[in-house]
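The values are calculated or read from the model by the stated rules, or taken from the named source; none is laboratory data. All figures in this text were calculated on a predicted structure; none of them were measured in a lab. Because the Cβ atoms are built from the backbone with ideal geometry, glycine has one as well, and the counts that use them run over all protein chains shown. What goes into the accessible areas is simple: the full protein's heavy atoms, side chains included, and nothing from ligands, DNA or RNA. Shrake-Rupley method; radii C 1.70, N 1.55, O 1.52, S 1.80 Å.
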Amino acid sequence: RPTATLPASTKTAQPTLTSTPLPQAVGPDTYPETINPLTGLPVSDPAMLELAPGLLSISNSPVTTRPQAGLSYADFVYELYIGEGVTRFLSVFYGEYPPEEVGPLRSGRIPYETLRGLYRGYLVFGSASDRVMVHLEERNIVFGAEDAEDPNTAFIDPKEMKTIAADTVSRRGTPALSGLRFDPLPPEGGLPGEKIWVPYHYTDQVFWEYDKESGAYLRLQTDQDGEQVYAFEDRITGE
């Protein structure tokens with residue numbers, strides 16, 4: 001049974017929101033040319049929306065892989081339970097890229113292909129077993145250091161991501177992403193969602209805590225002992 005409890009004070013560095021929503025609703029079928037259809041936010045370069053989305057497999061275990069680099073720049077981050085009390089992230093990058101290398105990258109998983117097809121994008125991961133590899137299309141493997149005992153060494157440069165994204169479009173076509181509606185007005189009858197607790201495993205518990213100052217949820221997670229709780233941060237920004 002999960003036993004972790006949040007400490008009295010859990011806040012560390014506050015996230016900085018670099019974009020603000022439009023004053024009017026957009027989507028779900030069409031969007032202004034400067035708006036990312038996955039976030040509802042404006043992008044600095046609309047030409048980036050012509051590139052294919054990148055779906056990157058990013059490690060979350062062991063704890064030495066943390067803090068990860070680039071997760072805060074992703075449009076979506078899917079967290080998948082992969083067994084043995086640990087999870088892994090499949091992060092979607094589209095419209096904006098981080099300024100530095102993203103990772104650490106880990107192996108591919110079969111559910112990735114369903115999500116890749118949904119976004120008409122490409123996959124990036126660090127190897128995969130033969131029985132998994134045959135199920136994954138548009139795959140790009142990034143190996144780390146020769147030391148197989150260190151899972152923290154495989155990263156990808158944003159410039160390489162852009163090259164892969166353009167190549168994917170040349171073969172698969174321009175992504176036509178739609179389906180999400182973004183509205184600055186909250187729906188009537190809503191209730192505050194101040195905290196979320198997701199116990200994947202007693203050694204892998206995730207807490208989301210709403211921070212009014214930043215207007216965002218802060219992610220906290222247990223250490224591998226299942227008791228210590230600490231705030232997540234992005235290695236690139238320190239936030």
Output ordering of 31-37, 67-73 (per-residue mean of other Cβ within 10 Å, highest first) is 67-73, 31-37
Excluding residues fewer than 8 positions from LYS162 in its own chain, the aspartates and glutamates with Cα under 15 Å of it are ASP45, GLU50, GLU96, GLU100, GLU101, GLU138
Over all viewing directions the Cα convex hull of the stretch 36-93 casts an average projected area in nm² of 4.5
For the chain, the charge dipole (Cβ of Lys, Arg +1; Cβ of Asp, Glu -1; about the Cα centre) points to a positive end, and the Cα of LEU55, THR114, TYR217 closest to that extreme belongs to THR114
The percentage of the accessible area of the stretch 62-211 (probe 1.4 Å, all protein chains present) made up of carbon and sulfur atoms, to the nearest whole number, is 53
Given all pairs of distinct Cα atoms, the stretch 132-238 yields a Kirkwood Rh in Å of 18.8
Computed from every Cα-Cα pair in the stretch 138-181, P(r) in 5 Å bins starting at 0 and rounded to whole percents is 5, 16, 18, 16, 15, 12, 9, 5, 2, 0
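Which loop-located trypsin sites (Lys or Arg not before Pro) does the stretch 113-219 contain, where loop means any DSSP state but H, G, I, E or B and the Cβ has at most 14 other Cβ atoms within 10 Å?
ARG181, LYS212
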Here the stretch 191-197 yields Karplus 3J(HN,Hα) values (6.51, -1.76, 1.60; θ = phi - 60°; whole Hz; Gly and Pro given as x) of 10, x, x, 7, 9, 10, 10
Cα extents of the stretch 149-206 along the principal axes, largest first, in whole Å, come to 46, 40, 17
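Could you grab the relative contact order for the stretch 26-139? Cα pairs under 8 Å, six or more apart, rounded to a whole percent.
On the way: 202 pairs, mean separation 30.8, N = 114.
Value for the stretch 26-139: 27 percent.
Quote the charge dipole size of the chain about the Cα centre in Debye, to the nearest 20; the model charges only the Cβ of Lys and Arg (+1) and of Asp and Glu (-1).
Rounded to the nearest 20 debye, it is 500 debye.
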Scoring only Lys, Arg, Asp and Glu (+1, +1, -1, -1) among other residues with Cβ under 10 Å from the Cβ of GLY70 yields -2
Counting only protein heavy atoms and leaving out ligands, DNA and RNA, the solvent-accessible surface of THR222 at a 1.4 Å probe, in Å² to the nearest 10, equals 0
Of the convex hull enclosing the alpha-carbon atoms of the chain, the direction-averaged projected area in nm² is 14.4
Ranking VAL169, PRO104, PHE155 by how far each Cα lies towards the positive end of the charge dipole of the stretch 98-189 (+1 on Lys and Arg Cβ, -1 on Asp and Glu Cβ), the top one is VAL169
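Please report, in whole Å³, the volume per residue of the convex hull around the C-alpha atoms of the stretch 71-149.
In the stretch 71-149, the Cα hull volume divided by residue count equals 113 Å³.
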The convex hull of the Cα atoms of the stretch 178-239, divided by residue count, gives a volume in Å³ per residue of 167
With 0.36 nm assigned to each residue of separation and the Cα-Cα distance removed, ARG181 to ASP150 gains 7.0 nm
Calc'd 3J(HN,Hα), the stretch 87-94, phi into Karplus 6.51 cos²θ - 1.76 cosθ + 1.60 (θ = phi - 60°), Hz, glycine/Pro = x, comes to 10, 9, 9, 10, 9, 9, 10, 7
In this structure, the FRET efficiency calculated for THR34 and ALA216 from their beta-carbon separation, with R0 = 22 Å, to the nearest 0.05, is 0.50
